[in-house]
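Below: one structure, written as structure tokens.
The values are calculated or read from the model by the stated rules, or taken from the named source; none is laboratory data. Here the structure is a predicted model, which means the values were calculated and not measured. Cβ coordinates were reconstructed from backbone atoms using ideal geometry, including for glycine residues, and neighbour counts include every protein chain displayed.
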Amino acid sequence: MTELTLERVKEDLYSRKDPTLTPVDIEAKAPLVYDILELKRKLGVVVLGHNYMEPLVFNLSSRDEQGDSLGLSRFAATTGAEYIIFNGVRFMAETAKVLSPDKRVLISDKEAGCSLADEFDPAEIDRLRELHPGAPVMIYINSYAEAKARCDITCTSANSVDIARRMPGDEIIFVPDILFAANLEQELGGGKKVIYPGQDSGTRGAVCEVHEKFTLDDLLDVRKSFEMPRGHPNKLIYAHWECRPDVLREADFYGSTSQISKDIGQRVAAGTLERAFVASECELTSNLAQEFPGVQFNTACSVRCQWMAKMALEGILDILRRIDSGGDLSKYEIELEPEIMDRARLPIEKMLAMSS
Ligand code: SF4
């Protein structure tokens, strides 16, 4: 293994040629990155990095510690490490804790919320069940454990269509994302009725405050500004599944974060991708641009997730220092009632069983 030194960390940061990392930033941040990597190695702590982390934070994680929320929680459950630092948002860290109740899951800012998880009242699930007795309830993984605990199965943006088709009955309740629900309805094409909050039932769902920002007009403007005509084989617009239905219809490819990354990787391997625009969180594009330097990525830097951006080097280093010194971790540790964890684990495990 190459010896870790401050100079090596600086060399790595300079070699990234990231336009947002000026020499001033590198000189200021490199000592923090070095201290984090050194303590991470010394203490054997797993540091998970969601794809929406800014590159400096994302690259604190090794390749197998990077990914989308479910992939990271699955990884957390298989690692032997006692401590897991989750660089993502709180609902993700909760999912990791539910799947690994004996491990200590830490997040550098417990206030890192999510509009989907925060703006949804779990009591709406009971109301929908009363209105549609017998219909199974599927909940997006982007939710808190307390809400998951009331549902029959969880899903991700990658497996929702398949799971919805395989659930019993001819209707399914889906919460909390109303744009996701509309996309699911469109994809199922009438094969199964999707019941979701806000459809004349007096119930209230939520949307991802980041992905709802993209409009059809934005995509049409991108096509014009960056000369990306619809159907071009080498210039593609990608859209995340949490975007509006008309945005998905206009995109050349839509899917989950991992499906988008995989499609880009396959086209790069085939030598066919020249330019891409990804209608999603802007740091996803920053990380893709670093991974695939041969592709010209256009990005919407104003579309950032304020919650994901709360993960900062200083907080991560503070966690590691406290672990090292045996200090108090309560400021950072995810703690959930055992009963909630037990109930929330069932719908997640059901999804995992149906996805394997
Ligand atoms: S990008 Fe959207 S879904 Fe993801 S954490 Fe931010 S608000 Fe939540």
So which pairs qualify, if the first residue must be in the range 278-302 and touching a residue at least 24 places away in the same chain (Cβ under 8 Å) and buried (at least 21 other Cβ atoms within 10 Å of the Cβ), the second must be assigned to a strand (DSSP E or B) and among the hydroxyl-bearing types (Ser, Thr, Tyr), the Cβ gap must be under 7 Å, and the two must be at least 6 apart or on different chains? Val278/Tyr238; Ala279/Tyr238
When you scan the range 164-258 for helices (runs of 4 or more DSSP H) that lie fully inside it, which ones turn up with 3 or more residues that are acidic (Asp, Glu) and not assigned by TED's automatic domain parsing to the domain that holds Tyr52? 216-225
Within the bounds of the range 33-41, is there any residue that is part of a helix (DSSP H, G or I) and among the hydroxyl-bearing types (Ser, Thr, Tyr)? yes
All but one of (1) more than 21 Å from Asp121 (Cβ to Cβ); (2) among the basic types (Lys, Arg); (3) in contact (Cβ under 8 Å) with a residue 60 or more places away in the chain hold for Arg230; state the number of the condition that does not hold. (3)
Of all residues in the range 267-297 being of a type in the set (S, T, N, Q) and part of a helix (DSSP H, G or I), the one that is farthest from the ligand (Cβ to nearest atom): Gln290
Taking the condition under 30 Å from Leu56 (Cβ atoms) and within 16 Å of the ligand (Cβ to nearest atom), does Ile264 pass? no
Hey, could you check the range 208-247 for residues that are under 19 Å from Cys155 (Cα atoms) and within 16 Å of the ligand (Cβ to nearest atom) and say which is surrounded by the fewest Cβ atoms within 10 Å (Cβ to Cβ)? Arg244
Is there a residue in the range 45-60 that is among the acidic types (Asp, Glu), in a loop (DSSP other than H, G, I, E, B), more than 17 Å from the chain's Cα centre (by Cα) and closer than 29 Å to Lys103 by Cα? no
Test for Arg166: is it surrounded by fewer than 17 Cβ atoms within 10 Å (Cβ to Cβ) and in contact with a Gly (Cβ under 7 Å, 6 or more places away or on another chain): no
Report yes if some residue within the range 93-116 is in a helix (DSSP H, G or I), within 12 Å of the ligand (Cβ to nearest atom) and touching a Cys at 6+ places or on another chain (Cβ under 9 Å); otherwise report no. yes
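Conditions (1) modelled with pLDDT of 95 or more; (2) closer than 23 Å to Leu13 by Cα, marked per residue:
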{"position": "Ser256", "(1), (2)": "no, no"}
{"position": "Asp263", "(1), (2)": "yes, no"}
{"position": "Leu273", "(1), (2)": "yes, no"}
{"position": "Phe277", "(1), (2)": "yes, no"}
{"position": "Cys282", "(1), (2)": "no, yes"}
{"position": "Ser286", "(1), (2)": "no, yes"}
{"position": "Arg322", "(1), (2)": "yes, no"}
{"position": "Leu336", "(1), (2)": "yes, no"}
Subset of the range 288-320 [of a type in the set (S, T, N, Q) and modelled with pLDDT of 95 or more]: Gln296, Gln306
